[in-house]
Amino acid sequence: MIIHDKILGIVTLFYLLLFVVHVFYFATRKERVLSFIWAILYITFGLHTVGLLMRWFESYKLNMGHAPLSNFYESLIVYAWSISLIIIVLKKRLLYPVITAGLCLISLGLMAYASLSPSVVHTIQPLIPALQSNWLHIHVITCFLAYAAFAVSFLCGILSLLGWKNFVPPQENLEQINYTSIIIGFPMLSAGILTGAVWAHYAWGSYWSWDPKETWSLITWIIYALILHVRLMKDWQGKRMAFLSIAGFISVIFTYFGVNFILMGLHSYAT
Amino acid sequence: MSVTKNNEDNIIFSKIQQIKESAYRFITSIQFTIVLLSLIAVSSIAGTLIKQKAPVEEYLSLYPEGIYRIIQLFGLDDIYHAPWFYALLVLFAINLILCTLRRLSRLIKTKKRIILPEEDDLKNMPVSFTVNGKENQYVVRMLKRRYRATCEETQGAVFEKGRLSQYGSLIIHAGIIITLIGSLTGLLFGYKGFMVLRKGDVKDYLTTGGRHGKIQPLGFSIRCKDFAVTFYPGGEPKDYVTTVEIIENNKRIMEKPIRVNHPLSYRGLRFYQATYGNEANFLFTIGQERVTLREREVYRKGGLSLMVIRFERQIHDFGPGVLVAYLDREEPKTIWFLRDVQRLKEQKVAGIPISFNEVHEDFFTGLEVSRDPGVWIVWTGFASILFGLFANFFIYDRKIYLRNTADGILIAGTCKKNHERFSEEFARIEKEINRDNT
Ligand code: HEM
């Protein structure tokens, strides 16, 4: 086993640990546990970053030299990393442990799927010519930061519908966090789609060709644009915002997974 | 009598006016935006679920005939180019343009002269404090370091920061309009085509329009000087490069490589490396003549007419072979030639001795060619959208007022959003101004 694989395996265990500590917090409600959670979170994020960098470094040793952004396995790992990054960036606003718990659970799921599913290829693969572009980096990073921010929005939507008294923050705060995450996610998604279009122009000769992944990213973008405009109409807040946030994230998931597995197109990593 | 008639006319007229107004209000409303965006989203989803631009047989194998008729009727087999989809986009554009214009005019109308509020108003602002024992000049200088002074008078001054954020959503919406204009430009004045080149080929035209290919002259010539593929150690393709020369009026203008992600741009046309393939050339001696044929290329001379219809790199252990079809007194026949088997290398066809001497396999390269005069407009739109998003979400507008009062220098601040962050910033400013006060 190669060292970056080992590190990422350990990172997976750390996300599990994070989730367990969250559960412990809910059981005991000791405030000290919270600072412990943040400490582990920083360590996990650091390790995760090191793991990705090692993988990057390793690809140069294998004479293929590319950032770990090129196949499904790498994208899962980068997604989990982006979620941690968003947690840290939004630290001041995400102080509710139920949200960080949910996010750690999502990261755990992504990491576990990446390392355990036999259908996900772990090896570092060479970049096909279409992916050899500097646009790859900015395109993938902005998209996954957006997806990570939308995961926060999704959790807010779910929590606001569940409304468990002892866990869930007040409705107003949830809506504020939801809006904050969309403020980060929407510009990031816009940047992701637009850089993707510029890249497609240089790689394939047209900036928009209605391929399924492009189309689904547009659908996602429209849903979040709807959320931003619906906010402008006072009587539309509350439950409907929650539903729209959930719909937005379902669309994200479909853009990310569904298109690869169900619909085929230029973007499917398979070829 | 005429009076009542007039009255009726007036009523009808004002009714029409009312309907016009409410229609206009609806067309420019966000409600309409939401309806349109939802419809566009739903149609887009349909376009990813229903197979697009497939041949008829494929639809009939996927769906019952009745459903196929519906698909055809509404153009669901090519949704993104269906008239009603364009109509949705046009309505959306109209909605967006009117909405943006209205907001623009409102911004211009409400742009009042900036005035310094009265003392009481300042004291009622969310944040304020009073400085004592400080030079007015000094405080103004401190504030100017962070903020822009928009109004200065003897009574005091107004400072502002983040004004740009007011225009954020305007810039986003304008960016979307610009993007739509750019893609319309491309749709109207651009085209896409394809070009296949073999090493050494010179072409001065390309084929556009997919199935019913049309010939489009380039206005110059392009010569394929070389084509090469490199592979990774594992065998995956690493790079395809076509080296081309641009020739104009028999003069070589330039020589450039075209590779994936690195198109060649010349005279508004872009050449992209799209595909490549392998093609075999067969060297024959027919009678006394040396002839090079490609697969399916017809050779005709005198009474003889033949073509290679099949090529095998290896036939059992006997090396490469070609299946040649020819006409023998109007009757089609076939015959195998094998390069490495003397008896099958030279044979007589219709009385003429033919020898299959050699096979050369050459690459050909497929270049996608496009002209899109709208692409720079689209890039401008993209840049505006991103800039507008940044201005709208990551900058916020706030004002600080300074007024000389009997108690000292009164400083107060307001903002429309991000109150928390503003309070923090205001507290920092207060601290800074008071720093060497004690
Ligand atoms: C896909 C298309 C659109 C996108 C991506 C978009 C994006 C945005 C964004 C990001 C904002 C800022 C929201 C906020 O600050 O929370 C905004 C505000 C707004 N949009 Fe749109 N918009 C679109 C279409 C439209 C259309 C067609 C209309 C016309 C009715 C419209 C009307 C408005 C209005 C009135 C505001 C509020 C302006 C303000 O308060 O500054 N939008 N839009």
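The values are calculated or read from the model by the stated rules, or taken from the named source; none is laboratory data. Keep in mind that what you see is a predicted model, and the values were worked out from it rather than measured. Because the Cβ atoms are built from the backbone with ideal geometry, glycine has one as well, and the counts that use them run over all protein chains shown.
Data overview
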| read-out | value |
| --- | --- |
| Scan of the range A:160-208 for residues that are at the interface with chain B (Cβ under 9 Å from one of its Cβ atoms) and in a loop (DSSP other than H, G, I, E, B), ordered by number | A:GLY205, A:SER206, A:TYR207, A:TRP208 |
| Residue list for the range B:139-178, restricted to those being more than 14 Å from chain A (Cβ to nearest Cβ) and within 16 Å of the ligand (Cβ to nearest atom) | B:GLY162, B:ARG163, B:LEU164, B:GLN166, B:TYR167, B:LEU170, B:ALA174, B:ILE177 |
| Members of the range B:363-419 that are away from the ligand (no atom under 16 Å from the Cβ) and part of a helix (DSSP H, G or I) | B:VAL375, B:TRP376, B:ILE377, B:TRP379, B:THR380 |
| Residues of the range B:267-287 satisfying the condition of being within 26 Å of B:GLY186 (Cα to Cα) and touching a strand residue (DSSP E or B) at 6+ places or on another chain (Cβ under 6 Å) | B:GLY268, B:LEU269, B:ARG270, B:PHE271, B:TYR272, B:GLN273, B:ALA274, B:THR275 |
| Counted residues, the range A:201-238 - those being in contact with a Gly (Cβ under 8 Å, 6 or more places away or on another chain) and farther than 30 Å from B:SER265 by Cβ | 5 |
| Selection from the range B:270-304 of residues that are under 20 Å from B:PHE194 (Cβ atoms) and of a type in the set (Phe, Trp, Tyr) | B:PHE271, B:TYR272, B:TYR276 |
| Search result, residues across the range B:144-156 that are modelled with pLDDT under 90 and closer than 17 Å to B:THR414 by Cβ | B:ARG146, B:ALA149, B:THR150, B:CYS151, B:GLY156 |
| Check on B:THR230, in the same structural domain as B:VAL378 (by TED's automatic domain parsing), under 30 Å from B:ALA54 (Cα atoms) and over 20 Å from the mean Cα position of the chain (by Cα) | no |
| Test: residue in the range B:53-70 that is touching a residue at least 40 places away in the same chain (Cβ under 8 Å), within 14 Å of chain A (Cβ to nearest Cβ) and of a type outside the set (Ser, Thr, Tyr) | no |
| Counted residues, the range B:333-357 - those being within 12 Å of B:LEU304 (Cα to Cα), part of a strand (DSSP E or B), free of Cβ contacts under 8 Å to residues at least 60 places away in the same chain and of a type outside the set (Lys, Arg) | 1 |
| Boolean, B:LYS192 is away from the ligand (no atom under 11 Å from the Cβ) and at pLDDT below 90 | yes |
| Test result for A:ILE223, of a type in the set (Val, Ile, Thr), assigned by TED's automatic domain parsing to the domain that holds A:VAL140, within 16 Å of the ligand (Cβ to nearest atom) and modelled with pLDDT of 90 or more | yes |
| Members of the range A:212-222 found to be in contact (Cβ under 8 Å) with a residue 12 or more places away in the chain and either under 12 Å from A:PHE254 (Cα atoms) or facing chain B (nearest Cβ under 7 Å) (or both), listed by number | A:PRO212, A:LYS213, A:GLU214, A:TRP216, A:SER217, A:LEU218, A:ILE219, A:THR220 |
| Tally of residues being within 16 Å of the ligand (Cβ to nearest atom) and exposed (fewer than 15 other Cβ atoms within 10 Å of the Cβ) across the range B:15-29 | 6 |
| Per-region count, the range A:185-205, residues free of Cβ contacts under 8 Å to residues at least 12 places away in the same chain and away from the ligand (no atom under 16 Å from the Cβ) | 2 |
| Where a residue in the range B:79-101 is within 14 Å of chain A (Cβ to nearest Cβ) and touching a residue at least 60 places away in the same chain (Cβ under 8 Å) and its partner, wherever it lies, is within 16 Å of the ligand (Cβ to nearest atom) and not in a helix (DSSP H, G or I), with Cβ under 9 Å and at least six apart | B:ASN95/B:THR28; B:ASN95/B:SER29; B:CYS99/B:THR28; B:CYS99/B:SER29 |
| Check on B:PHE337, modelled with pLDDT of 90 or more, surrounded by 16 or more Cβ atoms within 10 Å (Cβ to Cβ) and within 16 Å of the ligand (Cβ to nearest atom) | no |
| Residue among B:ILE395, B:ILE385, B:ILE377 that is closer than 30 Å to B:TYR147 by Cα and away from chain A (no Cβ under 11 Å) | B:ILE395 |
| Residue in the range B:163-178 that is assigned by TED's automatic domain parsing to the domain that holds B:GLU430 and either under 30 Å from B:ALA228 (Cα atoms) or of a type in the set (Phe, Trp, Tyr) (or both) present | no |
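Residues are listed down the side, and each one gets a yes or a no for (1) touching a residue at least 40 places away in the same chain (Cβ under 8 Å); (2) more than 12 Å from every other protein chain (Cβ to nearest Cβ); (3) surrounded by fewer than 17 Cβ atoms within 10 Å (Cβ to Cβ); (4) assigned to a helix (DSSP H, G or I):
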position	(1), (2), (3), (4)
A:SER107	yes, yes, no, yes
A:LEU110	no, yes, no, yes
A:VAL120	yes, yes, yes, no
A:LEU127	yes, no, no, no
A:HIS137	yes, yes, yes, yes
A:LEU145	yes, yes, no, yes
A:PHE150	yes, yes, no, yes
A:CYS156	yes, yes, no, yes
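This table checks each residue for (1) touching a residue at least 24 places away in the same chain (Cβ under 8 Å); (2) more than 14 Å from chain A (Cβ to nearest Cβ).
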position: B:LEU197; (1), (2): yes, yes
position: B:LEU206; (1), (2): yes, no
position: B:ILE215; (1), (2): no, yes
position: B:GLY219; (1), (2): yes, yes
position: B:PHE231; (1), (2): no, no
position: B:PRO237; (1), (2): no, no
position: B:ASN249; (1), (2): no, yes
position: B:PRO263; (1), (2): no, no
position: B:LEU269; (1), (2): yes, no
